[in-house]
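Inspection log for the structure reproduced underneath, given as C-alpha cells.
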Amino acid sequence: MVKVYIHAGEPFSARLYELLSKNSNGKFFNMYGPTETTVYCNGHLLESSDIHIGKELFNVHEMVMDFDSNPLPLNVIGELYIAGKGVSREYLNWPEKNAESYEVINGVRFYRSGDFVKVTEDGNYYVFGRMDNQIKLRGLRIEIGEIEVGLSKFPGIKSVAVVVKKIKGNDHLCAYFTVHDEYKDENREENGYSINIDDLKASLAEKLVYYMVPTVYMELDEMPQTVNGKTDLRNLPEPVLITEYVAPENDIEAFFASLFAEILGLDEVSATDNFFEIGGTSLLVTKITMEALNRNYNLSYGDVFSNPTPRALAEFILSDESFEKKEELSYDYSQINELLKKNNLENLINGEIQDSLGNILLTGATGFLGIHVLREILDNETGDVYCFIRANKVLNGEERLKSLLFYYFSDEYSDLFDERLHIIEGDITNFEDFEKLIPEKIDTIINCAANVKHFSSGTDIEDINFGGVINGLKFAKMKDAKYVQVSTYSIAGESINNYPPVDVKFSENDLFIGQAVDNQYLNSKFLAERAVLEAAINDDLDVKIMRVGNLMARSSDSEFQINFESNGFINRLKAFITIGKMPYSMLMNNVEFSPIDTTAKAIVNLSKTPKECNVFHPYDYHRVCFGDIIEIIKPLGLNIDPAEENEYEIALDKALADKSKQDGVSGLITSIGSGKVKKIWVPVDNTYTIQVLYRLGIKWPFVSQEYIYNFIKYLDDLDFFSI
C-alpha cells in the first residue's frame, strides 16, 4: 500500500485529489519548484480539495510582483519571484534569457518563475497557471487553461490538451481529448467521437466567449507523453476539420461556398457551413464583403455575422432587404418624445437635486468605466455599494475587484469590503442573481455592464446589453429604485442616403429620428434605451440614460484601461499607423476624448438630477482633429502620411493583403464593405448636458498635447503599435 504520494511538475487538480482520496489512505503532498530553483521551493500536505502549494520552504524567499516588478499585496495575482540558496546562477551562454529570467532587487537575486500566483493571509501560495499559457489567435487573447477546464468538466472526458494549429494555412483552436473507458465507443469511425460533439460545443459556448470555443475536436486513445510524463504537445496528431457536405442549390450559394473555400484554404465548403466555425475570423469578413460588392451584391460587414453560411447569405441577398424594413419605423415613439420634451434646463433649475444616491447596486464594476464610477461613489457618496461580479477560473468576485482596484488606484479599499462594499457573485443576464438582493435596501441601480463587441455570430451582445437591462428594470420596479443606464452617443446612428438629414443634430431630447443602428452593439444599446424610457412611462420609474463618448485615459495621470486592445479609437489609430497613410479628407475630422475620471464624476452627479431630467450626453466637448494627433505622435516614430484618396486605397488594399499587417488594420474592418448606400454618422449635440454640468460644478478638462502624447506613449511602450 502506498503511504505517501508526492506530486510535482504538473498542476494538482481537485479532481485528482478526489480520486486519490477515495481510493487511498495515503498522504498527498503537492510540491512546487521550477528547475531553475533546484527542485522544490514550496510544498504542502493536502487535506482537502482546496489545492495550493503551501508556504516557502526553508532558505527560500518569495514575492508576488506586478509587470513592473513592484510587490503586490495579499490576495492579488501577479508573477512569482523566487530567491534563496537554491536559485541557479544563470543559463549557460544565453544572455538574453538571463536578462529576462533573473532580476536583482535590493541586492537579492530573484528568479522570475513565469507563473501567476497569489499569497493569502496565512502565507499559502496558490498557482493559477503559466503567464505564457495565454496566446493570441487572430488578434484575440486566448486563455488555454480556461478552455481546458471547460472541456475537462464535460461528462466522460478524461484528459485534454488545447493548441493552435494551422489547417490549410489558417489558425484553428484545436481540442484533443481522451475519454474514460466506460464512455469509449470501440466502433467509432476514424476521426469519430465517443461523445456528442455538438453537446460539448454547446456546453463550452455557455461558459466561454465565442472565439475561445475550439473549431476542431479530435478524440485520442491516449495522450502522447514526454519522457517526464507530461503531455507531449509537439506530438499531437495533425488536426482534421470534419464537416458534412451539402451542395449549393443556386449560383449565389455556389459563389459564397467557393469564396469561403478560397479565403480559408479549404478544398470544399458546404452550403450550410458556418464561416466562423470552419476557421473564419472577423478580419476575413472584409474579403467576403469586398468580393460580394465586386459582384454587385449589396452586402455589409455586419450582414455576414447575421448570415454566416453560403445559404443564409444567398437568401439574404435574394430577399432584397433594405434598411427601411426595420421594426423601429413601425414603433410609436410619441409617448417617448413627449417624455423627452421635459428633459430641459427649466425642470433642472426648478427641480430638486439629491444630496445622495443612497445604497447603490453597481453592475460592470470591473470595467474601465465601472471601476472609476465605483471609486467616485466610494470617495464621495455615503451609502453601501453592491457589485455584481462574476468569478473567473482563478479568482472569486471579491479577489477580481481587489486586483483591479489596486491596479488602477494602488488601493484595495480593503477596509470597505463587507462594511460598505458588498460583492454578489453573478451577472445581469440572470435575474436570480438580482433576487439575492431582495432583502437589501437598494435606492439606485447604475448599469455600467456592457458587451462592447459590434458584431457576433451568437446572441452574447443582446443577452447582456438588452436582456440584462430588462432584468435590471424589473428589479428596479420591485425595489422602487432609480435606474441609471450607461449607453453611448453612437446610438445617434447613421444617416443613409441623407435620411435623417445630416444637418440635423441628435440631442438629449431624441431617441429615434430615423437613424440606422444596424450593428448588433448599437441596436442592443438602442433597444435598451427604449426599454428604459418605456419603464419611465409605464411604471413611473425614475430613470437616467448616460450616453458616454470616447472613453480615454484619466485626466489626472493619463492612466489607461487595462484591456486597451478593446478600445475602438486606438485600434483605428493603430490601423492608420499600420497603413502608413490617411486621406487628406480625414485630417480635419474631429476626435473627442472623454477622460474616464471626469466621465465617472459626471455620471454620478447627473444621476442626482430631478426625475424629469432623464437623458444626458456626458462627453467632453473639446475637440482635436486627426491632423493634430498625427503631429503629436510623430516624435514617437509613429508616422501617418497624408495622401490622396486613391493613394490611401492602394495602401489599404496592400495592408489587407499582407498577413503580417492584418491584425494592425483590424480597427478599420467594420467600415469596409458598407453596401451600395451612402452612410454618414449623425452629428451629436451635448449643449444641454454641458449646461447641467456647469450648474453642478463640473467642467471638462482641456485636452492638451501632453495628455495625448503621454497615453499614446504608454501604449507605444507596451509595443501596441508594433506590426
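Computed from the coordinates by the stated procedures, all read-outs in this text should not be read as laboratory data. Note that this is a predicted model, so its numbers are computed, not measured. When we count neighbours, we look across all protein chains shown, and the Cβ atoms used for this are built from the backbone with ideal geometry, even at glycine.
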Revision key, fill the gap. The distance between the Cα centres of region 511-541 and region 255-274, in whole Å, is 38
Review point. For the pair residue 235 and residue 22, what calculated FRET efficiency results from E = 1/(1 + (r/R0)^6), where r is the Cβ-Cβ distance and R0 = 22 Å, to the nearest 0.05?
Key: 0.10
Check your understanding: If the limit is 25 Å between Cα atoms, which of 207/402; 165/581; 402/525; 207/436; 342/608; 505/634 go over it?
Key -> 165/581; 402/525; 505/634
Review point. If we count every other residue with Cβ under 11 angstrom of residue 375's Cβ, Lys/Arg +1 and Asp/Glu -1, where does the sum land?
Key: -3
Check your understanding: Given region 138-235, what whole percent of its Cα pairs are spread farther than 22 Å?
Key -> 29
Exercise for review: Across region 4-129, how many lysine pairs, 8 or more positions apart or on different chains, have C-alpha atoms separated by under 25 Å? Please give the number.
Suggested key: 7
Check your understanding: lysines within cross-link reach of residue 201: Cα-Cα under 17 Å, excluding same-chain residues under 8 positions apart?
Key -> 153, 158
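Expressed as a fraction of 2.2 N^0.38 Å, the rule-of-thumb size for a compact globular protein of N residues, what is the C-alpha radius of gyration of region 601-723?
1.43
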Check your understanding: Using the count of nearby Cβ atoms within 10 Å as a rough guide to exposure, how do 290, 218, 552 rank from fewest to most?
Key -> 290, 218, 552
Review point. If you take the C-alpha gyration tensor of region 386-480, multiply each eigenvalue by 5 and take the square root, what semi-axes do you get, largest first, in whole Å?
Key: 23, 20, 11
**Study point:** trypsin sites (Lys or Arg not before Pro) restricted to DSSP loop in region 83-122 with at most 15 other C-beta within 10 Å
**Key:** 85, 89
**Study point:** Between region 294-313 and region 227-246, the alpha-carbon center distance in angstrom
**Key:** 33
Revision key, fill the gap. Per 10 angstrom bin, beginning at 0 and ending with the bin that holds the maximum distance, the Cα pairs of region 251-319 fall in percents of 23, 65, 12
**Study point:** Ellipticity estimate at 222 nm from DSSP helix runs (n ≥ 4, -39,500 (n - 2.57)) divided over the chain, nearest 500
**Key:** -9000 deg cm²/dmol
Point to revise | P(r) tail fraction, the chain - alpha-carbon pairs more than 52 Å apart, % | key: 15
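Looking at the chain only, what percent of DSSP beta bridges run antiparallel? Nearest 5 please.
55
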Revision key, fill the gap. For region 568-651, the Cα gyration tensor yields equivalent-ellipsoid semi-axes (√(5λ), largest first, whole Å) of 35, 14, 10
**Study point:** Derived scalar couplings ³J(HN,Hα) [region 481-492; Karplus, 6.51 cos²θ - 1.76 cosθ + 1.60; whole Hz; x for Gly, Pro]
**Key:** 9, 5, 10, 10, 9, 7, 10, 9, 6, 5, 5, 4
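Calculate the translational D of region 4-129 in whole µm² s⁻¹ from Stokes-Einstein, where the hydrodynamic radius comes from the Kirkwood formula applied to all Cα pairs, the temperature is 37 °C and the viscosity 0.692 mPa s. Please report the intermediate quantities before stating the final value.
On the way: Rh = 15.4 Å.
Estimated via Stokes-Einstein, D reaches 213 µm²/s.
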Check your understanding: For region 298-310, in order, what is each residue's ³J(HN,Hα) by Karplus, 6.51 cos²θ - 1.76 cosθ + 1.60 with θ = phi - 60°, in whole Hz (x at glycine and Pro)?
Key -> 7, 9, 9, 4, x, 5, 5, 5, 6, 9, x, 10, x
**Study point:** Magnitude of the charge dipole, region 495-622, Cβ model with Lys/Arg +1 and Asp/Glu -1, debye to 20
**Key:** 380
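Take the alpha-carbon positions of region 459-572, form their convex hull, and give its projected area averaged over all directions (one quarter of the hull surface) in nm².
9.4
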Exercise for review: Could you go through region 506-521 in sequence order and give the Karplus-derived ³J(HN,Hα) for each residue, using 6.51 cos²θ - 1.76 cosθ + 1.60 with θ = phi - 60°, rounded to whole Hz, and x for Gly and Pro?
Suggested key: 8, 10, 5, 9, 10, 10, 10, 10, x, 5, 8, 10, 7, 7, 4, 5
Practice item. Would you work out the charge dipole size for region 4-129 about its Cα centre, treating the Cβ of every Lys and Arg as +1 and the Cβ of every Asp and Glu as -1, and quote it to the nearest 20 debye? Key: 420
